[in-house]
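A short reminder: the numbers here are calculations on the coordinates, not readings from a lab. Not measured: the values here are computed from a predicted model. Ideal geometry is used to build each Cβ from the backbone, glycine not excepted, and the neighbour counts take in all protein chains shown.
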Amino acid sequence: MLRLMRRAGITSDMMYMAGFGSIIASVASWAMSMRAEKAGMDRADRWGIFVGEWAPTFFALGVALRMEEEYGDETPSERAERMKHRVREAMPVG
């Protein structure tokens, strides 16, 4: 799925922006529901929570796409070599 998203031109930055946009939309939908509907605070809270639940999904997709952007084209042997190098840097031997 991530490769399809990359091919479609969707980037991790777009997903991060969608996450922040969802937070803003959550507050906006809560405020608009409070003013426009006569259903009260409960209904406004439900709208705000419903829209706000999208943010973690967008942020998770952003992280996954960032990893795909950085490491997606590596072969398994290239990935193993990179990890070995990273471990050697982190744990110097005397």
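Annotations for the structure displayed:
- Span-like helix criteria (full DSSP H runs; alpha carbon extent of at least 24 Å along the helix axis; mean Kyte-Doolittle hydropathy of at least -1.0) are satisfied in the chain by 12-36, 54-71.
- Summed residue charge, Cβ within 15 Å of Gly9's Cβ, Lys/Arg positive, Asp/Glu negative: 0
- Label-zone membership for region 52-83, site Arg7, 7 angstrom Cα→C-beta point, backbone N under 16 Å: 69, 72-73
- Calculated [222 nm] ellipticity per residue, helices only, for the chain: -26500 deg cm²/dmol; basis is -39500 (n - 2.57) per DSSP H run with n ≥ 4, divided by all residues, nearest 500.
- Taking Cα extents along the principal axes in Å as calculated from this structure, the corresponding entry among [x] 40, 32, 28; [y] 78, 30, 22; [z] 69, 37, 15 is [z].
- Average Cα contact separation per residue, region 2-90, under 8 Å, 6 or more apart, as relative contact order %: 37
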